[in-house]
1. Please go through region 64-89 and pick out each residue that is buried (at least 19 other Cβ atoms within 10 Å of the Cβ) and under 29 Å from GLY10 (Cβ atoms).
2. Filter region 250-274 for residues that are surrounded by 15 or more Cβ atoms within 10 Å (Cβ to Cβ) and touching a His at 6+ places or on another chain (Cβ under 8 Å); which is farthest from SER60 (Cα to Cα)?
3. I'd like the residue in region 107-128 that is hydrophobic (A, V, I, L, M, F, W, C), in a helix (DSSP H, G or I) and in contact with an Asp or Glu (Cβ under 9 Å, 6 or more places away or on another chain) and, out of all such residues, is farthest from PRO269 (Cα to Cα).
4. Which of the helices (runs of 4 or more DSSP H) found entirely inside region 148-210 contain at least 3 residues meeting this: touching a residue at least 60 places away in the same chain (Cβ under 8 Å), more than 26 Å from ASP86 (Cα to Cα) and not β-branched (Val, Ile, Thr)?
5. Just to check your reading of the model, which residue among ARG188, ARG196 is at pLDDT 95 or above, closer than 30 Å to ILE50 by Cβ, surrounded by 14 or more Cβ atoms within 10 Å (Cβ to Cβ) and among the basic types (Lys, Arg)?
6. So if I check each of SER116, SER97, SER128, which one is within 21 Å of ASP195 (Cα to Cα), modelled with pLDDT of 95 or more and of a type in the set (Gly, Ala, Ser)?
7. Show the residue pairs that are 6+ apart or on different chains and have beta-carbon atoms under 9 Å apart, the first residue being within region 56-83 and on the phi < 0 side of the Ramachandran plot, the second being of a type in the set (Asp, Glu) and not in a helix (DSSP H, G or I).
Amino acid sequence: MMSPVGVRSGYWEQVRASGFRLPDDRPLDDLTTELVHMLGDPDHQVRGGIAYPVLAAWISEGVYDDLLAGFGDGVSEGLFTGLGEDGTDTVLRRSFSSLLLAEAILRDHVTRVVHSDAVFRWGDRAASWFVRERDLRGWVDGQGWAHAVGHGADLIGALARSHHFGKLELTVLLDVVADRLLTPTPYRFLHDEDDRLAFAVMAILHRNLLGIDVLEPWIERLATAIVRPTVPNGDPSPEWPTPVAGNTMNFLRALHLQLALGVHGKQTPQDVALFGKPPQVRADLLLVLLRVLRTSQPWLFTTPKH
(Lines give C-alpha, C1' and ligand atoms only; values in the text may rest on other atoms or scores of the structure.)
Protein backbone atom coordinates (compact mmCIF):
# COMPACT_ATOMS: atom_id res chain seq x y z
CA MET A 1 0.00 0.00 0.00
CA MET A 2 1.35 3.44 -0.94
CA SER A 3 2.25 5.63 2.01
CA PRO A 4 0.45 9.00 2.24
CA VAL A 5 2.36 11.81 0.56
CA GLY A 6 2.64 13.68 3.83
CA VAL A 7 4.38 10.72 5.43
CA ARG A 8 6.85 10.39 2.56
CA SER A 9 7.45 14.09 1.93
CA GLY A 10 10.78 13.88 3.75
CA TYR A 11 11.84 11.06 1.44
CA TRP A 12 11.16 13.13 -1.67
CA GLU A 13 12.76 16.22 -0.19
CA GLN A 14 15.93 14.17 0.14
CA VAL A 15 15.66 13.10 -3.50
CA ARG A 16 15.32 16.72 -4.56
CA ALA A 17 18.21 17.79 -2.31
CA SER A 18 20.39 15.10 -3.90
CA GLY A 19 20.01 16.73 -7.31
CA PHE A 20 17.20 14.34 -8.28
CA ARG A 21 19.41 11.28 -8.00
CA LEU A 22 17.44 8.09 -8.61
CA PRO A 23 17.00 6.24 -5.27
CA ASP A 24 18.23 2.65 -5.16
CA ASP A 25 16.07 1.49 -2.25
CA ARG A 26 12.81 1.05 -4.18
CA PRO A 27 11.80 -0.25 -7.64
CA LEU A 28 11.48 2.40 -10.34
CA ASP A 29 7.89 1.32 -11.03
CA ASP A 30 6.89 2.04 -7.43
CA LEU A 31 8.64 5.40 -7.41
CA THR A 32 7.02 6.40 -10.70
CA THR A 33 3.54 5.34 -9.62
CA GLU A 34 3.81 7.41 -6.46
CA LEU A 35 5.12 10.48 -8.25
CA VAL A 36 2.47 10.31 -10.99
CA HIS A 37 -0.20 10.09 -8.28
CA MET A 38 1.34 13.19 -6.64
CA LEU A 39 0.83 15.18 -9.87
CA GLY A 40 -2.78 15.68 -8.77
CA ASP A 41 -2.04 16.68 -5.18
CA PRO A 42 -3.80 19.92 -4.11
CA ASP A 43 -0.59 21.06 -2.41
CA HIS A 44 1.48 22.89 -5.01
CA GLN A 45 4.69 22.09 -3.16
CA VAL A 46 3.94 18.39 -3.63
CA ARG A 47 2.66 18.71 -7.19
CA GLY A 48 4.91 21.38 -8.67
CA GLY A 49 7.75 21.33 -6.19
CA ILE A 50 8.41 17.59 -6.02
CA ALA A 51 6.43 15.35 -8.39
CA TYR A 52 6.81 17.27 -11.64
CA PRO A 53 10.45 18.39 -11.29
CA VAL A 54 11.61 14.94 -10.15
CA LEU A 55 9.89 13.15 -13.04
CA ALA A 56 11.00 15.80 -15.55
CA ALA A 57 14.60 15.48 -14.38
CA TRP A 58 14.53 11.70 -14.68
CA ILE A 59 13.10 11.97 -18.20
CA SER A 60 15.82 14.39 -19.31
CA GLU A 61 18.52 12.23 -17.71
CA GLY A 62 17.39 9.17 -19.66
CA VAL A 63 16.02 7.16 -16.75
CA TYR A 64 12.95 6.25 -18.79
CA ASP A 65 14.53 5.96 -22.24
CA ASP A 66 13.95 2.21 -22.48
CA LEU A 67 10.46 2.62 -21.01
CA LEU A 68 9.39 5.87 -22.62
CA ALA A 69 6.48 4.51 -24.67
CA GLY A 70 4.87 2.87 -21.66
CA PHE A 71 5.66 5.86 -19.48
CA GLY A 72 3.91 8.21 -21.90
CA ASP A 73 0.91 5.90 -22.17
CA GLY A 74 0.56 5.85 -18.40
CA VAL A 75 0.94 9.59 -17.98
CA SER A 76 -1.51 10.35 -20.80
CA GLU A 77 -4.25 8.44 -18.99
CA GLY A 78 -4.17 11.22 -16.41
CA LEU A 79 -5.50 13.64 -19.04
CA PHE A 80 -8.94 12.10 -18.59
CA THR A 81 -9.14 12.00 -14.79
CA GLY A 82 -12.37 13.83 -14.00
CA LEU A 83 -12.55 15.35 -17.49
CA GLY A 84 -15.70 17.45 -17.79
CA GLU A 85 -15.53 18.72 -14.23
CA ASP A 86 -15.05 22.42 -13.55
CA GLY A 87 -13.81 23.97 -10.33
CA THR A 88 -12.62 20.71 -8.76
CA ASP A 89 -9.17 19.43 -7.87
CA THR A 90 -9.15 16.91 -10.73
CA VAL A 91 -7.90 19.57 -13.13
CA LEU A 92 -4.55 19.46 -11.36
CA ARG A 93 -3.88 15.87 -12.41
CA ARG A 94 -4.99 16.57 -15.98
CA SER A 95 -2.97 19.74 -16.33
CA PHE A 96 0.28 18.46 -14.85
CA SER A 97 -0.07 15.20 -16.78
CA SER A 98 -0.06 17.26 -19.97
CA LEU A 99 3.08 19.09 -18.88
CA LEU A 100 4.84 15.82 -18.13
CA LEU A 101 3.71 14.23 -21.40
CA ALA A 102 5.29 17.19 -23.18
CA GLU A 103 8.60 16.32 -21.50
CA ALA A 104 8.35 12.73 -22.74
CA ILE A 105 7.70 13.91 -26.31
CA LEU A 106 10.63 16.32 -26.21
CA ARG A 107 12.85 13.52 -24.90
CA ASP A 108 11.88 11.33 -27.83
CA HIS A 109 12.77 14.22 -30.13
CA VAL A 110 16.33 13.81 -28.83
CA THR A 111 16.60 10.03 -28.45
CA ARG A 112 14.25 8.75 -31.21
CA VAL A 113 13.32 5.75 -29.05
CA VAL A 114 9.50 5.81 -29.40
CA HIS A 115 7.60 4.36 -32.35
CA SER A 116 5.40 6.72 -34.35
CA ASP A 117 2.26 4.82 -33.31
CA ALA A 118 2.85 5.72 -29.67
CA VAL A 119 3.40 9.42 -30.39
CA PHE A 120 0.31 9.51 -32.60
CA ARG A 121 -1.62 7.90 -29.75
CA TRP A 122 -0.39 10.56 -27.35
CA GLY A 123 -1.33 13.24 -29.85
CA ASP A 124 -4.87 11.88 -30.17
CA ARG A 125 -5.26 11.81 -26.40
CA ALA A 126 -3.82 15.30 -26.04
CA ALA A 127 -6.17 16.73 -28.66
CA SER A 128 -9.21 15.01 -27.16
CA TRP A 129 -8.40 16.32 -23.69
CA PHE A 130 -7.42 19.86 -24.67
CA VAL A 131 -10.57 20.62 -26.62
CA ARG A 132 -12.84 19.04 -23.99
CA GLU A 133 -11.22 20.62 -20.94
CA ARG A 134 -13.69 22.90 -19.16
CA ASP A 135 -11.69 24.03 -16.13
CA LEU A 136 -9.57 26.86 -17.52
CA ARG A 137 -8.51 28.46 -14.26
CA GLY A 138 -4.95 29.73 -14.20
CA TRP A 139 -3.90 30.52 -10.64
CA VAL A 140 -6.02 28.96 -7.89
CA ASP A 141 -5.83 30.58 -4.47
CA GLY A 142 -4.43 28.18 -1.91
CA GLN A 143 -3.42 25.61 -4.52
CA GLY A 144 -1.18 27.41 -6.98
CA TRP A 145 -1.23 26.79 -10.71
CA ALA A 146 -3.87 24.75 -12.46
CA HIS A 147 -3.17 26.37 -15.85
CA ALA A 148 -4.65 23.71 -18.13
CA VAL A 149 -4.52 26.00 -21.18
CA GLY A 150 -0.93 27.06 -20.59
CA HIS A 151 0.26 23.52 -19.96
CA GLY A 152 -1.82 22.21 -22.84
CA ALA A 153 -0.24 24.78 -25.13
CA ASP A 154 3.18 23.50 -24.07
CA LEU A 155 2.04 20.00 -24.98
CA ILE A 156 0.88 21.16 -28.42
CA GLY A 157 4.24 22.85 -28.87
CA ALA A 158 6.08 19.64 -27.98
CA LEU A 159 4.01 17.63 -30.46
CA ALA A 160 4.69 20.27 -33.12
CA ARG A 161 8.43 19.66 -32.75
CA SER A 162 8.13 15.86 -33.05
CA HIS A 163 9.79 14.30 -36.07
CA HIS A 164 6.84 11.88 -36.19
CA PHE A 165 4.46 14.71 -37.11
CA GLY A 166 4.15 15.73 -40.74
CA LYS A 167 1.92 18.13 -42.66
CA LEU A 168 -1.32 16.32 -41.83
CA GLU A 169 -0.62 16.08 -38.10
CA LEU A 170 0.52 19.70 -37.89
CA THR A 171 -2.68 20.79 -39.62
CA VAL A 172 -4.65 18.88 -37.00
CA LEU A 173 -2.73 20.67 -34.24
CA LEU A 174 -3.74 24.02 -35.75
CA ASP A 175 -7.38 22.91 -35.68
CA VAL A 176 -7.00 21.85 -32.05
CA VAL A 177 -5.74 25.32 -31.14
CA ALA A 178 -8.64 26.91 -33.00
CA ASP A 179 -11.16 24.57 -31.38
CA ARG A 180 -9.76 25.43 -27.96
CA LEU A 181 -10.07 29.15 -28.60
CA LEU A 182 -13.54 28.99 -30.13
CA THR A 183 -15.15 26.64 -27.61
CA PRO A 184 -17.53 28.67 -25.41
CA THR A 185 -16.15 29.34 -21.94
CA PRO A 186 -16.73 31.81 -19.10
CA TYR A 187 -12.97 32.06 -18.49
CA ARG A 188 -10.78 34.86 -19.74
CA PHE A 189 -7.10 34.13 -20.21
CA LEU A 190 -5.15 36.11 -17.60
CA HIS A 191 -1.87 34.25 -17.19
CA ASP A 192 -0.04 34.28 -20.54
CA GLU A 193 -2.20 31.54 -22.05
CA ASP A 194 -2.42 33.54 -25.30
CA ASP A 195 1.37 33.84 -25.53
CA ARG A 196 1.87 30.14 -24.88
CA LEU A 197 -0.74 29.17 -27.46
CA ALA A 198 0.90 31.52 -29.95
CA PHE A 199 4.30 30.00 -29.25
CA ALA A 200 2.88 26.52 -29.89
CA VAL A 201 1.70 27.78 -33.28
CA MET A 202 5.11 29.31 -33.91
CA ALA A 203 6.64 25.86 -33.38
CA ILE A 204 4.24 24.57 -36.05
CA LEU A 205 5.16 27.39 -38.42
CA HIS A 206 8.90 26.83 -37.98
CA ARG A 207 8.52 23.29 -39.28
CA ASN A 208 7.96 24.91 -42.71
CA LEU A 209 5.52 22.22 -43.79
CA LEU A 210 2.34 24.32 -43.95
CA GLY A 211 1.77 26.94 -46.63
CA ILE A 212 -0.36 30.06 -46.64
CA ASP A 213 -3.07 28.04 -48.40
CA VAL A 214 -3.59 26.21 -45.10
CA LEU A 215 -2.85 29.07 -42.72
CA GLU A 216 -5.03 31.81 -44.23
CA PRO A 217 -8.31 29.85 -43.93
CA TRP A 218 -7.30 28.94 -40.39
CA ILE A 219 -6.83 32.60 -39.48
CA GLU A 220 -10.12 33.48 -41.19
CA ARG A 221 -11.89 30.90 -39.06
CA LEU A 222 -10.57 32.55 -35.91
CA ALA A 223 -11.47 35.97 -37.29
CA THR A 224 -15.17 35.11 -37.19
CA ALA A 225 -15.00 35.17 -33.39
CA ILE A 226 -13.60 38.69 -33.08
CA VAL A 227 -16.08 40.62 -35.21
CA ARG A 228 -18.58 42.40 -33.02
CA PRO A 229 -22.13 41.35 -33.90
CA THR A 230 -24.57 44.02 -34.99
CA VAL A 231 -27.35 44.94 -32.60
CA PRO A 232 -30.80 46.05 -33.79
CA ASN A 233 -31.67 49.64 -32.94
CA GLY A 234 -33.16 49.89 -29.49
CA ASP A 235 -31.77 46.59 -28.22
CA PRO A 236 -29.19 46.72 -25.42
CA SER A 237 -25.63 45.92 -26.44
CA PRO A 238 -24.40 42.59 -25.06
CA GLU A 239 -21.07 42.27 -23.27
CA TRP A 240 -18.20 42.73 -25.67
CA PRO A 241 -15.76 41.27 -26.09
CA THR A 242 -17.05 37.97 -24.84
CA PRO A 243 -14.47 35.68 -23.23
CA VAL A 244 -14.09 33.77 -26.50
CA ALA A 245 -13.72 36.97 -28.54
CA GLY A 246 -11.27 38.49 -26.06
CA ASN A 247 -9.18 35.34 -25.79
CA THR A 248 -9.07 34.94 -29.57
CA MET A 249 -8.20 38.59 -30.15
CA ASN A 250 -5.35 38.44 -27.64
CA PHE A 251 -4.09 35.22 -29.21
CA LEU A 252 -4.02 36.75 -32.71
CA ARG A 253 -2.20 39.80 -31.38
CA ALA A 254 0.31 37.56 -29.59
CA LEU A 255 0.86 35.51 -32.75
CA HIS A 256 1.38 38.66 -34.81
CA LEU A 257 3.92 39.99 -32.32
CA GLN A 258 5.84 36.72 -32.05
CA LEU A 259 5.92 36.37 -35.83
CA ALA A 260 7.14 39.96 -36.21
CA LEU A 261 9.79 39.86 -33.48
CA GLY A 262 10.85 36.22 -33.71
CA VAL A 263 10.99 33.64 -30.94
CA HIS A 264 13.42 31.10 -29.55
CA GLY A 265 12.71 27.87 -27.73
CA LYS A 266 14.76 25.90 -25.25
CA GLN A 267 18.53 26.11 -25.42
CA THR A 268 18.84 22.67 -26.97
CA PRO A 269 20.45 21.81 -30.30
CA GLN A 270 17.04 20.78 -31.63
CA ASP A 271 15.33 24.07 -30.75
CA VAL A 272 18.29 26.18 -31.79
CA ALA A 273 18.09 24.58 -35.23
CA LEU A 274 14.29 24.78 -35.43
CA PHE A 275 13.97 28.44 -34.48
CA GLY A 276 17.20 29.59 -36.09
CA LYS A 277 15.50 31.22 -39.08
CA PRO A 278 12.07 32.87 -39.52
CA PRO A 279 9.28 30.65 -40.88
CA GLN A 280 9.08 30.67 -44.65
CA VAL A 281 5.47 31.91 -44.50
CA ARG A 282 6.35 34.85 -42.25
CA ALA A 283 5.80 37.69 -44.72
CA ASP A 284 2.54 36.34 -46.15
CA LEU A 285 1.11 35.42 -42.78
CA LEU A 286 1.95 38.83 -41.30
CA LEU A 287 -0.13 40.45 -44.02
CA VAL A 288 -3.07 38.16 -43.26
CA LEU A 289 -2.84 38.87 -39.54
CA LEU A 290 -2.62 42.63 -40.11
CA ARG A 291 -5.71 42.58 -42.31
CA VAL A 292 -7.70 40.58 -39.78
CA LEU A 293 -6.62 42.72 -36.83
CA ARG A 294 -7.46 45.93 -38.68
CA THR A 295 -10.92 44.80 -39.70
CA SER A 296 -11.73 43.54 -36.22
CA GLN A 297 -11.52 47.06 -34.77
CA PRO A 298 -12.00 49.58 -37.59
CA TRP A 299 -12.64 52.35 -35.05
CA LEU A 300 -9.07 51.97 -33.77
CA PHE A 301 -6.72 51.00 -36.59
CA THR A 302 -6.06 53.03 -39.72
CA THR A 303 -6.60 51.50 -43.13
CA PRO A 304 -3.54 51.71 -45.39
CA LYS A 305 -3.90 53.92 -48.46
CA HIS A 306 -3.01 52.43 -51.82
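The values are calculated or read from the model by the stated rules, or taken from the named source; none is laboratory data. If you're wondering where the values come from, they're calculated on a predicted model, not measured in any experiment. Here the Cβ is made from the backbone with ideal geometry for all residues, glycine too, and neighbour counts use every protein chain on show.
1. Passing the criteria: TYR64, PHE71, VAL75, GLY78.
2. LEU274
3. ALA127
4. The helices (runs of 4 or more DSSP H) meeting that bar are 193-206.
5. Being at pLDDT 95 or above, closer than 30 Å to ILE50 by Cβ, surrounded by 14 or more Cβ atoms within 10 Å (Cβ to Cβ) and among the basic types (Lys, Arg) holds for just one of ARG188, ARG196, which is ARG196.
6. On the way: SER116 fails: within 21 Å of ASP195 (Cα to Cα); SER128 fails: within 21 Å of ASP195 (Cα to Cα).
Just a single option satisfies the conditions, and that option is SER97.
7. LEU79/GLU133; LEU83/GLU133
A quick yes/no check of all residues on (1) under 22 Å from PHE120 (Cα atoms); (2) at pLDDT 95 or above; (3) not acidic (Asp, Glu):
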| residue | (1), (2), (3) |
| --- | --- |
| TYR11 | no, no, yes |
| ALA17 | no, no, yes |
| PRO23 | no, no, yes |
| ARG26 | no, no, yes |
| GLY70 | yes, yes, yes |
| GLU85 | no, yes, no |
| THR88 | no, yes, yes |
| VAL91 | no, yes, yes |
